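Inspection log for the structure reproduced underneath, given as C-alpha cells.
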Amino acid sequence: MSTKLTWYGHATLGLETAGFHILIDPFFNGNPVASASADKVEADFILITHGHGDHVGDSVAIAKRTNAMVISNAEIAGWIASKGVKKTHGQHLGGGYKHPFGYLKLTLALHGSALPDGSNGGNPAGFLLTTQDGKKIYMAGDTGLFGDMRLIGEEGIDLAVLPIGDNYTMGPDDALRAVKMIQPKVVVPIHFNTWDLIAQDVTAWAERVERETSTLVKVIKPGENLTI
Ligand code: NI
Ligand code: MN
C-alpha cells in the first residue's frame, strides 16, 4: 500500500491513501497556478488547515458536490456545517482521531485563521497524518518557524510539506531551519510562486537543503505527484 501526494499549486494538496481521495486546502477558483478545477476533483475527505481564503477555497462547493467529510478545527468545521455541508468533523490542536484513511492529528501553526466573512476561524493548524501502513506525513500549513517542530520531528517524519514563500509564512531560510529540526526523509516545498509576493528560487533552496541536511528534496510542479 502506498500513498500518492499531488500538489495542485499554492497550498492545495491531494492524497490518495488506503483507497480514499483526500484534498487539503482546496483552493482552485482564483488560484493563478491551479492545476485542476473545483468541479472535477474527487474527494472523500477535505482537510482545512486554517480559515484564510486561499485555504478554505472551494471547500464548501466541493463537499456539497462530492459529499466529502470536511475535517478542520472545531470553529472552521462548525462554519462549514453552517454553509450546508452535511458531514464535518471538528478536532483541535494536539488532538488526533482515527479516521478511515489513517490517524490524523492537528499540530500547532504560527499564523492567523480568520474566515473569509470575518468569522472566528479558531487557531491555525498543521496536520500530522499516520497512514494505514505507518507512514508519517507532516503538512505544516501556513506557519512561521517554531521550536516545537522538533517535537513533531521526534515522531519520525517520512514526508514533510513545508511553505517556503516568505511574507505570509516561513521563507527559504527558516524553512531550511525547519528541515533541520524535523529531519524528514523527504521534503516538498509549497506556498511559493503563486504570486510575485511569494516568488522564490526553489532550485537554490533545494540545493541548500541537500547540502546542509540528509533530507531529500522533491521539487514538484503544480499537477505533479510523488509516491511514498
Ligand atoms: Ni494563511
Ligand atoms: Mn496561505
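Just so it is clear, none of the values below were taken in a lab; they were calculated from the coordinates. None of the values given here were measured: they were computed from a predicted structure. With ideal geometry, Cβ positions are generated from the backbone for all residues, glycine too; neighbour counts draw on all protein chains shown.
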Within the stretch 10-30, residues being within 15 Å of ligand 2 (Cβ to nearest atom) and crowded, with 22+ Cβ neighbours inside 10 Å number 9
Condition check: of a type outside the set (K, R), closer than 28 Å to K185 by Cα, within 16 Å of ligand 2 (Cβ to nearest atom) and part of a loop (DSSP other than H, G, I, E, B). Does L115 satisfy that? no
Check whether at least one residue in the stretch 145-158 is surrounded by fewer than 19 Cβ atoms within 10 Å (Cβ to Cβ) and among the aromatic types (F, W, Y), and report yes or no. yes
Could you check the stretch 118-163 and list, in sequence order, the residues that are away from ligand 2 (no atom under 12 Å from the Cβ), touching a Phe, Trp or Tyr at 6+ places or on another chain (Cβ under 8 Å), part of a loop (DSSP other than H, G, I, E, B) and within 14 Å of V187 (Cα to Cα)? I157
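I need the helices (runs of 4 or more DSSP H) fully contained in the stretch 1-86, keeping only those with at least 2 residues that are over 17 Å from D117 (Cα atoms).
Values: elements: 53-56, 59-66, 74-82.
Once the helices (runs of 4 or more DSSP H) in the stretch 1-86 are filtered for at least 2 residues that are over 17 Å from D117 (Cα atoms), what remains is 59-66.
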List every residue pair whose Cβ atoms sit under 7 Å apart, with the two residues 6 or more apart in sequence or on different chains, where the first one lies in the stretch 42-54 and is under 23 Å from Y97 (Cα atoms) and the second, anywhere, is within 14 Å of ligand 2 (Cβ to nearest atom) and assigned to a strand (DSSP E or B). L47/I24; T49/A125; T49/G126; H50/A125
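If you go through the stretch 56-96 one residue at a time, how many are among the polar types (S, T, N, Q) and farther than 23 Å from G14 by Cβ?
Restricting attention to the stretch 56-96, the residues satisfying the condition of being among the polar types (S, T, N, Q) are 59, 66-67, 72-73, 82, 88, 91.
Next, only the ones that are farther than 23 Å from G14 by Cβ stay: 82.
Matching residues across the stretch 56-96 total 1.
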